[in-house]
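The values are calculated or read from the model by the stated rules, or taken from the named source; none is laboratory data. Note that the coordinates shown come from a computational prediction; the quantities given were computed from them, not determined experimentally. Glycine also receives a Cβ, built like all others from the backbone with ideal geometry; neighbour counts cover every protein chain displayed. These accessible areas exclude ligands, DNA and RNA; they are computed on the full protein's heavy atoms, side chains included. Shrake-Rupley method; radii C 1.70, N 1.55, O 1.52, S 1.80 Å.
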Amino acid sequence: MMEHQGYAILGGGMAGFGAANVLFANGIRARIYDKRSRPGGLTSSFGNGDGFVFDEGVHISFTKNPRVKDLFAESTGQKFETGNVYCNNYWQGHWIKHPAQVNLHGLPADLVVNCIKDFIEARQVENPKIANYEDWLLAAFGKTFAETFPAVYTRKYHTTGASNMSTDWLGPRLYRPNLEEVLRGALEHEPLDVFYVNEFRYPTEGGFESFISGFYDKAEVLCDHEIAAIDTKEKQLTFKDGTTHDFNKLISSLPLPIVIPLIKGVPDDVREAAARLACTQVVVVNIGLNRPIETKPQWSYFYDEDIPFARVSYRGNLSKKSVPDGCGALQAEIYFSEKYRPLTGHADDWIEPAIDALIKSGVVQSRAEIIHKSAIMLPFGNVIFDLDRKAAVETVHAYLDEVGIEYCGRFGQWGYIWTDAAFLSGERAARAALGLSGTVEE
């Protein structure tokens, strides 16, 4: 029987099981500690027995990595759906394909003219000064489009303004078109496919968690184990119930602002840096209908400021087995943050406002067709790339390197990474803990 050999992993999500996967392949069945009553982390799926299966937000897999594809497929027993990504945008009663910057067709003529005029003017500026995300938006799209669409969405999704955000998270996420693409998208209906995601996979049954549940047996998973203290000198973990476990090597996928205060003797500057890090909190409103939702996209973005949610995903378009026969379901995401837009009250308080907005936008016809409504609150949604982030992360990571704690995952790296990248970051952390040179094929 495999022993854990003193390898401890904090957090039982995608990154934690990525680490467990490598350790298991090297003859070690590590211990994973999670404060929740079951593993899964942000990739958890859930239901209440009424046939609806929900995830903790929008999750699909669109990795192009053949090895990760195979691993996720094995986790589901080769039972997964494959499709082509299509998503759209809602703005003041109009539905247009995503990305909006090359799909202006059908919007009010004055808005389209001003978007194109400003786009052309922005392109005439040579070497524009880019100090923040707002500067980037204005240079990339021009004033009208930037202020009508991405600037508003930024406030809804990131909970802070574009001028307070850096640009080191963008990558391929915001498509920067040329003039021909903008003009063609204004004159024709959906002429281009330029979204950075194409093919996606999603488990046939059990929700997105099925992509990770196949790894659960590769570790000794200890749930209901909330860490109270980490002693890096004595190599000991203390839990909220007062019990202790020793470790030789420690890998953490816990959020940096959570793990840093737990470490005994952490310097004040490191503690202060961790406290400056910001992330969103998400209220996810889950709605089940007594009819199928006949719509093409897997998810939609909402730009109107009087609509509380930023994004809605459609469960049946990921897997029909996520909903009972003859029914439909969706999840609406409403964003908050402790640093910029604190949530007051409870997640359930947002169910009725979300339903009002779903009816207003035509996604739901009436309350009479709703047969399931619930809400959950996710304390960690996405990293906010505000102007404090970079220096603070460098300080925290340097300290963790110094005390020998390997970090991984979205909130261990404190980066904008998806599930496949989170899994791979866990694998890299495990290889570092093992002292293995080189990297696996990624």
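For the range 387-396, residues that are open to solvent by less than 30 Å² (accessible area, probe 1.4 Å) and small (G, A, S) total 1. Exactly one residue out of V58, V53 is under 12 Å from Y202 (Cβ atoms) and within 14 Å of the chain's Cα centre (by Cα), and it is V58. Among the residues of the range 287-323, those identified as open to solvent by 30 Å² or more (accessible area, probe 1.4 Å) and over 23 Å from N84 (Cα atoms) are N290, R291, E305, D306, P308.
The set of residues in the range 20-51 being of a type outside the set (V, I, T), open to solvent by less than 10 Å² (accessible area, probe 1.4 Å) and in a loop (DSSP other than H, G, I, E, B) consists of A30, G40, S44. In the range 150-191, the residue that is least open to solvent (accessible area, probe 1.4 Å) out of those that are among the acidic types (D, E) and within 20 Å of N88 (Cβ to Cβ) is E181.
Taking every residue in the range 131-144 that is at positive phi and pairing it with any residue that is assigned to a helix (DSSP H, G or I), at least 6 positions away or on another chain, the pairs with Cβ-Cβ distances below 6 Å are G142/D118; G142/F119; G142/A122.
Taking the criterion of being part of a helix (DSSP H, G or I), over 30 Å from D388 (Cα atoms) and open to solvent by less than 20 Å² (accessible area, probe 1.4 Å), the only residue of the range 95-111 that qualifies is V102. Checked against (1) buried (at least 24 other Cβ atoms within 10 Å of the Cβ); (2) on the phi < 0 side of the Ramachandran plot; (3) modelled with pLDDT of 95 or more, Y399 passes all but a single condition, namely (1).
Within the range 227-238, the set of residues being touching a residue at least 24 places away in the same chain (Cβ under 8 Å) and open to solvent by less than 70 Å² (accessible area, probe 1.4 Å) comprises I227, A228, A229, I230, D231, T232, L237. Being closer than 19 Å to H94 by Cα and crowded, with 16+ Cβ neighbours inside 10 Å is the requirement here; does A146 meet it? Yes: the conditions hold for A146. Only one entry of Q92, Q124 meets the criterion of being surrounded by fewer than 16 Cβ atoms within 10 Å (Cβ to Cβ), polar (S, T, N, Q) and closer than 20 Å to E305 by Cα, and that entry is Q92.
Scanning the range 70-86 turns up no residue that is free of Cβ contacts under 8 Å to residues at least 60 places away in the same chain, open to solvent by 10 Å² or more (accessible area, probe 1.4 Å) and over 24 Å from S322 (Cα atoms). If the condition is being open to solvent by 20 Å² or more (accessible area, probe 1.4 Å) and part of a helix (DSSP H, G or I), then the range 352-368 contributes E352, P353, D356, I359, K360, R367, A368.
All conditions but one from (1) over 26 Å from I334 (Cα atoms); (2) β-branched (V, I, T); (3) in contact with a helix residue (DSSP H, G or I) (Cβ under 8 Å, 6 or more places away or on another chain) apply to T82; the one that does not is (3).
Is it the case that some residue within the range 176-183 is under 26 Å from T63 (Cα atoms) and out of contact with any helix residue (DSSP H, G or I) (no Cβ under 7 Å at 6 or more places or on another chain)? No - not one qualifying residue is present in the range 176-183. For the range 260-280, taking the residues that are touching a Phe, Trp or Tyr at 6+ places or on another chain (Cβ under 8 Å) and surrounded by 21 or more Cβ atoms within 10 Å (Cβ to Cβ), the one that is farthest from Y157 (Cα to Cα) is identified as V270. Here G242 clears all of (1) more than 26 Å from V393 (Cβ to Cβ); (2) of a type in the set (G, A, S); (3) open to solvent by less than 10 Å² (accessible area, probe 1.4 Å) except the condition numbered (3).
Looking across the range 1-10, the residues that are in a loop (DSSP other than H, G, I, E, B) and in contact with a strand residue (DSSP E or B) (Cβ under 7 Å, 6 or more places away or on another chain) come down to H4, G6. Beta carbons closer than 9 Å, at least 6 apart along the sequence or on distinct chains, pair a first residue in the range 208-219 that is modelled with pLDDT of 95 or more with a second that is assigned to a helix (DSSP H, G or I) and open to solvent by 40 Å² or more (accessible area, probe 1.4 Å) for G214/E74; F215/F24; D217/F24; K218/F24; K218/A25; A219/F24.
Among the residues of the range 248-266, the ones that are more than 30 Å from the chain's Cα centre (by Cα) and touching a residue at least 40 places away in the same chain (Cβ under 8 Å) come to 1 in all.
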